[in-house]
There are 2 protein chains.
Amino acid sequence: MVTTDADLDDGTPESDLAVARATDTRPIEEVAGDLGLTPEDIEPRGEGIAKLTQGAVRSATAGDVDGTTVLVTGMTPTPKGEGKTVTTVGLGQALAGLGESTTVAIREPSLGPVFGIKGGAAGGGRSQVLPMEAINLHFTGDIHALTAAHDLIAAALDNHLHQGNELEIDVRRVDWPRALDVNDRALRETVVGLGGPARGVPREDEFVITAASELTAVLGLASDLEDLKARIARIVLAEDADGEPVTPADLGVTGAVAALLRDAFRPNLVQTVEGVPALVHGGPFANIAHGTNTLVADRVGASLSEFLVTEAGFGADLGAEKFAHIVAREGIVPEVAVVVATVRGAKRHGLEMWPTDFDALAEPDADAVRAGVANLRRHVEIVESFGIPAVVAINVFPDDTESELAALEEELTQDGIAVARSTAYRDGGDGAIDLAERVRDLAGTGEFAPLYDVDEPVREKIDTVAREVYGADGVEYVDGADDDVDRLEEWGYGDLPVCLSKTPYSFSDDASLTGVPTGWTLTVREVTPSAGAGFLVAKTADVMTMPGLPAEPAAEGIDVDADGDVSGLF
Amino acid sequence: MVTTDADLDDGTPESDLAVARATDTRPIEEVAGDLGLTPEDIEPRGEGIAKLTQGAVRSATAGDVDGTTVLVTGMTPTPKGEGKTVTTVGLGQALAGLGESTTVAIREPSLGPVFGIKGGAAGGGRSQVLPMEAINLHFTGDIHALTAAHDLIAAALDNHLHQGNELEIDVRRVDWPRALDVNDRALRETVVGLGGPARGVPREDEFVITAASELTAVLGLASDLEDLKARIARIVLAEDADGEPVTPADLGVTGAVAALLRDAFRPNLVQTVEGVPALVHGGPFANIAHGTNTLVADRVGASLSEFLVTEAGFGADLGAEKFAHIVAREGIVPEVAVVVATVRGAKRHGLEMWPTDFDALAEPDADAVRAGVANLRRHVEIVESFGIPAVVAINVFPDDTESELAALEEELTQDGIAVARSTAYRDGGDGAIDLAERVRDLAGTGEFAPLYDVDEPVREKIDTVAREVYGADGVEYVDGADDDVDRLEEWGYGDLPVCLSKTPYSFSDDASLTGVPTGWTLTVREVTPSAGAGFLVAKTADVMTMPGLPAEPAAEGIDVDADGDVSGLF
């Protein structure tokens, strides 16, 4: 049904764009048909792209979720990533190949990284979603809608200050930045409102990339438009003179902000290289937020197909933990998880290296791989601690040696851990058939349970994640974080789940500690409310919420020709 | 073929949204068919909205422009506007009603004003374009693409400073702001790059609303994607240590910026309430830029239909003058112009009032209307000075008295000026049939000629506009504007047309001067290059390029319900 002309049989990975261009895609109406959706249930948004209508979303999410949710997570990643999205797409294609109706759900790429380092992100090779150029460049505008909605709140707040500040907002305690979907370090710390009385009230301000906006998390967790409005209304923007929270509801802009997001709320339907339905929707950060595609996309996918394959950010300590404690509470419970691992990733832990030390990983070293498996094993344990059965997917790279791959498999198999190699990048669904079969076998064999109850005190919830997930000996609160917790409990937010923000490059809060660090204490520096999203963010470090461009940005290699064909997205 | 159920027969103007909701629109494929476009020539972007494909744009703009271009301009406006867009849409409907194949072309609404004062802008009543909610909220994302592209250039520039500043950019002479599509006065003057070496190089910076970005003017005048790239490449962003211009080409981001704009370049097809094809595309400011919808939309419309009705910003002194000297040079030459006038607009000049003094205009006063006609007459003369025949459209408001309307008509008719009342807001195309007949009769009876040649010295071109259009006695250059002109001529930009930025509320550079001011000198304070757009901007005042929100923003009245229906866009 889908033909790919690009010849990858010689083992040379061709560019993602070459594969994308060589693929004959199915009409999007036909893809929608796989989900039981009629042409009236979708609104086309350019070739191969559609948004579900509001009515279709409501119908699809009205009843119980019957499909099986497969969560793709990973080991502690290197900064280049271990190929979770490729594995997610490849697994979805493999399940479809086995005759299971399947939907893939992943996050939308952010423009900042596209023009920074990555040059595009929607899987890769024969396991990517299409049309890759459009998906990487604006797509259906959801992230732009979030930017506009975020900055409308900011403008309303500064306008309120300017018009007399009736709410008595404390300008020193405004915690609502401005947002742009760009990598722009010069906007990390700014002063706005300069230039005299016609130009607002001067105050310090920062800009975050839109993916780091709480609004992106809000959209990601809203179950319907009413819930979206309720969440927007309770976002904490600032404190007033009495130390009480100021919200968008106080500013009177809840409805306007929701109106800006009404279309962004509806999931985007595209397809994989092999024509499998894919919902590409939302994309909050995986440290200060929960880091997965929207709940509504998951609900639609799991309702309209037998299998939903969805992805969480970073390793299981961050993405899977947040999925279990934040997303699963909203009704999407994984019945099986895939922990994506690579030879390179394991080797880093065996060699005890700084995460960005890529050159040192080039030498084949099966012993280092064996030594590094401890890290991977621990990620599997974390997943299983939630009652979710796990299978490790070894994402094979062209320069992996057979001895390294075998070492990795052997170590895992010895421990009784299910494992399957995936060559989904090169081979598409065919490269993930073993993985799909193991996923199908394991699905539903566990019983999901979170590690804490939301009504426990905040410090206990943080303690549980620190000890039981990260393996810390305990938690230390510094820089006023203790006061933060007290204030949040006073404000009535004590019964929200916690969202710990920590480096993804170690189980610990120190990126240089490889393997499974022990004998350390988690340091919490600040606890802030994401009351709209519905969690409390406990920060263990100064979190980077606005990336910078490198010395040679990917932008310099991107071009468009007279026909509108884009190059440089790889 | 199109039915409107809203009952406006009692003379009570119903809300634009009510009319919009009560209208059964045609399938967009059928509307495209009116232009000879097949379903393969358009890409649907939600119900009733399509983008022309790149191929269709190229075909449509390949040959000569055969259709008749009708330019809708106006008298000196009041801040509430005289109804130019309503008249444009109504006239298009009337021409279609007379059996002429017609396309309407107007600008895209900007989100800033939608949430600020206006609450929506796409014509009104029975002369608006549909679907009004989508057009007012993100539409097809063109303005968001411009924001992203604009800010990518800014990020690349600041990144260049941060990475060592090889081009030796003078941080004191960066003249590329950041852009956001929001009304946010607190961003008018900022300092960015604070917080130490990891956060860029500190410098003063400002934000403009996206409509004021030069990139919006660039997109508005580009003839194809190659031309778009050429224009982007030559934008002047800053000066280097030697005082030479620094451009996006120097930063290596021309291709990436164009890639972000490739879809925004393609016109958006929608329809009027009466089902007439409308291209809603682009929207640069009408003071620091040329202030009309994109050239490519005009070229498509004038090529694929017998009549193109398009609109320019503000009065004829600004919009029509810029159309004649900037847009017409690119191949779209108006064969007839409509000067939109109102009783209220004329009365303001008769009463010699400050433009925002709305209450004083409520009293019927036919004598004041007569006294104010001088202003209107002068706008007609300006249009005719370009060899374009003109007809005045009196846009009738519900509270206009017959004696005032008759006075206005009588004064104009006495002078031999063609005039027609338009009730297009209330009656749609039927309310503009007289106007349409006069437009059809006059079209092509003149011979277009600009007032200056581009190869004249810059000061001569400015002088021509000041004297022959504005009626000034001469031009005074202050605050270094003389040096600006010298530098721009040195840089080789002397042969560009000039774009004068002046208050729209008077022919003069003083908003309080009504009628036809005489005995005054135009003061030019700064002359800057818009080398990408292809003109030099001569500023007569501190131009507001970032609006603020009022004390009670329109945002507070906007909402969305559980079905996704938006209210508060009026």
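The values are calculated or read from the model by the stated rules, or taken from the named source; none is laboratory data. Since the model is a prediction, treat every value here as computed from it, not as a measurement. With ideal geometry, Cβ positions are generated from the backbone for all residues, glycine too; neighbour counts draw on all protein chains shown. With ligands, DNA and RNA removed, areas are computed over all heavy atoms of the protein, side chains included. Shrake-Rupley method; radii C 1.70, N 1.55, O 1.52, S 1.80 Å.
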Per the rule of 0.36 nm per residue minus the C-alpha distance, extending A:Lys80 to A:Val171 adds in nm 28.8 nm
Descending accessible area (1.4 Å probe), largest on the left, turns B:Asp357, B:Asp41 into B:Asp357, B:Asp41
Given backbone amide H placed at 1.01 Å from N, residues whose amide H is under 5 Å from that of B:Asn268, ignoring those fewer than 5 places away on the same chain, are B:Val280
For A:Asp240, other-chain or 5+-apart residues with amide H closer than 5 Å (H placed, Pro excluded) are A:Asp170, A:Val246
Going residue by residue through segment A:436-445, the Karplus relation 6.51 cos²θ - 1.76 cosθ + 1.60 with θ = phi - 60° gives ³J(HN,Hα) values, rounded to whole Hz and with x marking Gly or Pro, of 4, 5, 5, 4, 5, 5, 7, 4, x, 8
Taking every DSSP bridge whose two residues both lie in segment A:458-539, the antiparallel percent to the nearest 5 is 40 percent
Within 10 Å of the Cβ of an average residue in A:146-158, the count of other chain Cβ atoms is 6
Taking every DSSP bridge whose two residues both lie in chain B, the antiparallel percent to the nearest 5 is 40 percent
In chain A, taking the dipole from +1 charges on Lys and Arg beta carbons and -1 charges on Asp and Glu beta carbons about the Cα centre, the listed residue (A:Ala179, A:Val114, A:Thr528) farthest towards the positive end is A:Ala179
The size of the Cβ-based charge dipole (Lys, Arg +1; Asp, Glu -1) of chain A about the Cα centre, to the nearest 20 debye, is 540 debye
The size of the Cβ-based charge dipole (Lys, Arg +1; Asp, Glu -1) of the protein assembly as shown about the Cα centre, to the nearest 20 debye, is 40 debye
Diffing segment A:482-495: the Karplus 3J(HN,Hα) column from phi (6.51, -1.76, 1.60, θ = phi - 60°), in whole Hz with x for Gly and Pro, holds 4, 5, 4, 4, 4, 5, 5, 5, 4, 5, x, 9, x, 9
With all protein chains in place and a 1.4 Å probe, A:Thr518 shows an accessible area in Å² (nearest 10) of 110 Å²
With +1 on the Cβ of every Lys and Arg and -1 on the Cβ of every Asp and Glu, the dipole magnitude of segment B:473-547 about its Cα centre, in debye rounded to the nearest 20, is 380 debye
Rounded to the nearest 500, the 222 nm mean residue ellipticity computed for chain A from DSSP H runs (n ≥ 4, each -39500 (n - 2.57)) alone is -9000 deg cm²/dmol
In the protein assembly as shown the DSSP beta bridges are antiparallel at a rate, in percent to nearest 5, of 45 percent
In degrees, nearest 10, the alpha-carbon axis of helix B:402-414 is tilted away from the dominant principal axis of the alpha carbons of chain B by 70 degrees
The FRET efficiency for A:Ala562 and A:Arg329, from their Cβ-Cβ distance with R0 = 60 Å and rounded to 0.05, is 0.70
When every protein chain stays in place and a 1.4 Å probe is rolled, B:Ser127, B:Ser110, A:Ser512 sorted by accessible area with the largest first are A:Ser512, B:Ser110, B:Ser127
Links exceeding 20 Å between C-alpha atoms in this model, out of A:Lys322/A:Lys502; A:Lys80/A:Lys347; A:Lys84/A:Lys118; B:Lys118/B:Lys539; A:Lys347/A:Lys502, come to B:Lys118/B:Lys539; A:Lys347/A:Lys502
Taking the dipole of segment B:460-539 about the Cα centre (Lys, Arg +1; Asp, Glu -1; charges at Cβ), the one of B:Leu488, B:Val516, B:Val478 that reaches farthest to the positive side is B:Val516
Expected vector for segment B:509-519, Karplus 3J(HN,Hα) from phi with 6.51, -1.76, 1.60 and θ = phi - 60°, integer Hz, x for Gly and Pro, equals 8, 10, 4, 7, 8, 9, x, 10, x, 10, x
